[in-house]
1. So which helices (runs of 4 or more DSSP H) are wholly in region B:195-279 and hold at least 3 residues that are more than 14 Å from chain A (Cβ to nearest Cβ) and crowded, with 16+ Cβ neighbours inside 10 Å?
2. For region A:44-56, how many residues meet the condition of being of a type outside the set (Ser, Thr, Tyr), within 7 Å of chain B (Cβ to nearest Cβ) and over 21 Å from the mean Cα position of the chain (by Cα)?
3. For residue B:90, indicate whether it is within 12 Å of the chain's Cα centre (by Cα), within 16 Å of residue A:31 (Cα to Cα) and more than 10 Å from chain A (Cβ to nearest Cβ).
4. Pull up region B:129-144, narrow it to residues that are facing chain A (nearest Cβ under 7 Å) and more than 16 Å from residue B:217 (Cβ to Cβ), then point me to the one that is surrounded by the most Cβ atoms within 10 Å (Cβ to Cβ).
5. Provide a single number: the residues in region A:11-53 that are assigned to a helix (DSSP H, G or I), surrounded by 14 or more Cβ atoms within 10 Å (Cβ to Cβ) and at pLDDT below 90.
6. Quick check: is even one residue across region B:105-121 assigned to a helix (DSSP H, G or I), within 11 Å of another protein chain (Cβ to nearest Cβ) and either touching a residue at least 60 places away in the same chain (Cβ under 8 Å) or out of contact with any Asp or Glu (no Cβ under 7 Å at 6 or more places or on another chain) (or both)?
7. What is the residue count in region B:145-162 for residues that are facing chain A (nearest Cβ under 7 Å) and either charged (D, E, K, R) or touching a residue at least 12 places away in the same chain (Cβ under 8 Å) (or both)?
8. Of A:41, A:60, which residue is of a type outside the set (Gly, Ala, Ser), closer than 15 Å to residue B:81 by Cα and more than 7 Å from every other protein chain (Cβ to nearest Cβ)?
Amino acid sequence: MTTPVAEPRQHSVTLPLTACRVALGLTALLSLALLYFIGVDQGATSLFGSDTHIHEFVHDARHFIGFPCH
Amino acid sequence: MELRYIYRGLGVGLVGGLLAFVFARIFAEPFIQDAIDYEGGRDAAQEALSHAAGLGHAGGGHEEAEVFSRSVQSNIGIGVGMAAFGLAMGGLFVVAYLLVSRRYPGIRPRVLAGLLAGAGFVSLYLVPFAKYPANPPAVGHEETIGDRSILYVTMVAVSVVSLVLAVFAGRWLAGRVGTWNASLLGAVVFFVLVGVAMGLLPPLGHLASNKAEYGTLATETPQPLRDARGAIVYPGFDADLLFRFRFYSVISQLLLWLTLGFGFGALAERLAGAPARVRTPRAVTGAAATDRTSAGAPSGTTAPSAAG
């Protein structure tokens, strides 16, 4: 009669896990996107055509962080 | 629950990025300006040289319209860039922290934060730097930017994957040869994997277009400019300037990762101690924060049995 104690705990673990996975996935994805725009975009590849505003704006940071620059 | 970690990770990353920016603004910017001045002088010398050789303006002209002035680039631009980079690193760092801490809840938060920051510094920056070091303006040919980007990102990816594999190898070995020896062997695995990748990837100077135009050099660092008789008319890139720039680049990354490791570690320690205490007063009122420290002592004694 004392065993059912463990049951409610299992339910409370499964739901937050998925919400948490979404949060983790989003954080990772947004971080990588940010990294891409600082480090690579409008150099080798460009998402906004031949515009160079992002590249020129973060130019010094890109050099200093170690990413290749023109 | 995890959101509180994520906010803190991003916040600490941002602070680390800002610290790295302050360092860069004070110490590195003068050298970046020197490098840009060198580039300008070299372009002018090149122009004069081809003019004398009767080639007209064969250089093509480097006179693109400036999108942002130097003062914007060297004050705001680098600030935003470094801060955003810190934010991104904080995001990746906290994701790794949460993943690992869930799998191995026994590791103390500040120890795990320190280890992960060290891993991030080595795998995301230091190892790729060893093969393709950070270059100031004037070092690097425009036509190879595509190849250089691919090679750099490849090196970062190889380095991160190698580190993960080395950690798994270390964990697997730990049960057989002991933790100390397994850690050493894991490090050997990492160095071998990364070393093989470095050996296989080409030096930047060996890229086809560079070989065709400049001969076989290891890097893209500008060599002295010579006239038709071989006399040097413009010097090669200053070696001390190159060293300074790279050295400061390493230090600014160290600042960022030290901030992440120790700053987030301290916050995570507090968070890890908090949940058992926060959950009980939340039902009463959120403003009971000041009572938390006094209420923490009695509830803290009952918490381990509930959590365990």
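1. Those helices (runs of 4 or more DSSP H) span B:265-273.
2. Of the residues in that region, 2 qualify.
3. No, not satisfied.
4. So, considering only residues that are facing chain A (nearest Cβ under 7 Å) and more than 16 Å from residue B:217 (Cβ to Cβ), the one surrounded by the most Cβ atoms within 10 Å (Cβ to Cβ) is B:136.
5. Count: 1.
6. no
7. Number of matching residues: 2.
8. Checking each option against the conditions leaves just A:41.
The values are calculated or read from the model by the stated rules, or taken from the named source; none is laboratory data. The structure displayed is predicted, hence computed values, not measured ones. For neighbour counting, all protein chains shown are included, and Cβ atoms are generated from backbone atoms with ideal geometry for every residue, glycine included.
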